[in-house]
1. Return the residues of region 234-269 that are out of contact with any Cys (no Cβ under 8 Å at 6 or more places or on another chain) and not in a loop (DSSP other than H, G, I, E, B); say none if nothing qualifies.
2. For region 144-191, name all the residues that are assigned to a loop (DSSP other than H, G, I, E, B) and either at pLDDT 95 or above or crowded, with 18+ Cβ neighbours inside 10 Å (or both).
3. Kindly evaluate Ile90 against the criterion of being over 25 Å from Ala187 (Cβ atoms) and under 21 Å from the mean Cα position of the chain (by Cα).
4. Please state which of the following conditions Gly409 fails to meet, knowing it meets all the rest: (1) of a type in the set (Gly, Ala, Ser); (2) within 30 Å of Leu58 (Cα to Cα); (3) modelled with pLDDT under 80.
5. Would it be correct to say that Glu436 is in contact with a strand residue (DSSP E or B) (Cβ under 7 Å, 6 or more places away or on another chain) and under 30 Å from Gly177 (Cβ atoms)?
6. Just one of the numbered conditions (1) crowded, with 18+ Cβ neighbours inside 10 Å; (2) at pLDDT 85 or above is not true of Leu439; which one?
7. Here is a check on your reading of the model: is Val64 under 23 Å from Leu151 (Cα atoms), out of contact with any Cys (no Cβ under 8 Å at 6 or more places or on another chain) and hydrophobic (A, V, I, L, M, F, W, C)?
8. Could you please tell me which pairs satisfy a Cβ distance under 6 Å, a separation of 6+ or placement on different chains, a first residue in region 168-185 that is at positive phi, and a second residue that is not in a strand (DSSP E or B)?
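The values are calculated or read from the model by the stated rules, or taken from the named source; none is laboratory data. All values reported here derive from a predicted model rather than from experimental measurement. Heads up, the Cβs are rebuilt from the backbone with ideal geometry, glycines too, and the neighbour counts pull from every protein chain shown.
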Amino acid sequence: MRRILRKIIQILDGTPQTYGKKQRGQSVVELALVTPLLIILLVGLVEIGWFARNYLTLLEVSRVGARRGAVLSGENSPLLWNEWASLYSIPGNEASYDPYWNTYPVFETDPGWDPVNQPTQSKILELRVKVRNCNLLNDPNTYVGFYNLVLCQMLNSLDPLSIVRDPAVADSSFGAGLGDIIISVFAVQMVRTGPGSDVDINLNAAPTIYANEFKDADGNDKDTWVPVVVGRYPTRANECNVWRRVDSGQVLLPPAVPPYERDPFDYYYQNDSPLNHPGRPDGDVDLMLVNDPDLSDGDQGPLAYPIELANLINGQFVSPGFDPYDFAEVQRGFVYTGLHQVELTAELDDGSGGTFEAELVCFGSDKTVYWVQDMLQAEGFIMSDSEIAAARAIDPNFGYEMIDTNGDGTPDTQVEVDQRQYLVNQGVILVEIYWEHQLLLRDFPVFSPILNMVNDGKAEIYVWSAFPAPTVVPEIRYNLTWNDLTDED
């Protein structure tokens, strides 16, 4: 029996057959050296499978949430969400996510108290905590709307994994991890740029914050169509514009520092004073003015129509979500735990010719309106010359349209068209998940110390999914005439 075992070891060890004097113990030594490596390899394979399983689970959960949001409508539309519930709140540390927390009334007897327009701090805190507790979803005293319906669908699909805020729970519970779920909704308008178009960047001036915003993916800014975010929901948590000095920790509120990004509802004449534009009397919606072409018929003019998202309230166009640029915001998107903080530093002007390093104070989504616009750009959408030639070999009129150049209402001239004009306005729901992955065998001897030296045995998994959101599709119209506004023939 011993001879058989010895033979097996020799075969597995690759030891050649020897004759004469034999060296004993060599296989045992080699086996002692190789065994730990084999164990590490085996444990590593297990960890790779564990990581892949969690990644795919989180990716599918993000898709579940985005699909759920795509079909919610009516009273569950993001347009009807109670904005008092948008910001995250921690009892005792509410101001970290809401810069205006200390301005809210404490008691119902305080001056200006209004249960709808200005609830007390306790009511606001209760609302914000309850909408993030899915165990209370069927409680009649819990507000239910778009964001917590999507959130709870995702948390149900996440099982057996879980997202927690307490590090102690994450370390002691199997499948638990620190992280966050972030939900955002965008309204995207296809805008034609160039002289005489929807947005003439020669007149409107290219935005100073993001100079390429009105250029397409091929670098064109003349007479082309580009996707532009004209709204982001929830409206109370849709941008970040507060900074903190790295050297002193001083918090810098707007307008002391330039905004990191434009307000999502303010794509036209961005960050500009309404006093410079008579067509913008209320300061939050850009309007186009149309004069009466026939003053003899008794009509009053001029008439105005909005070219930014607006609701007509008491005869005045009001934006559904625009905030002045001196309004401080530190949260982007509806968040579940408020744990994820955007990491961004920049050199800001100190006003005396120098600069200082500052970090953005921002919780929630890393994705700006510019990122969304870039993702929706149809890069390479315009076909190459050879592709166009091949298409016209089948259809000679491909890529052409007839236009009226004589002004008689009859199309008489054939011109080439930009195919981007056929892209439609759209709504988009973006769901993001941040999750701190921990090693399955993080306490395994030999293996765990090696990984812990690298990253404490943890790694962040980030996934996102986007689906259409039909309820927020914008319907902004441009270049309207007097007859369009008065229904005159």
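1. Selection gives Asn238, Glu239, Trp243, Arg244, Arg245, Val251, Leu252.
2. Those that are assigned to a loop (DSSP other than H, G, I, E, B) and either at pLDDT 95 or above or crowded, with 18+ Cβ neighbours inside 10 Å (or both): Val144, Gly145, Leu161.
3. Spelling it out, it is not the case that Ile90 is over 25 Å from Ala187 (Cβ atoms) and under 21 Å from the mean Cα position of the chain (by Cα).
4. Among (1) of a type in the set (Gly, Ala, Ser); (2) within 30 Å of Leu58 (Cα to Cα); (3) modelled with pLDDT under 80, Gly409 violates only (2).
5. So Glu436 passes the test.
6. (2)
7. So Val64 passes the test.
8. Gly175/Pro160; Gly175/Leu161
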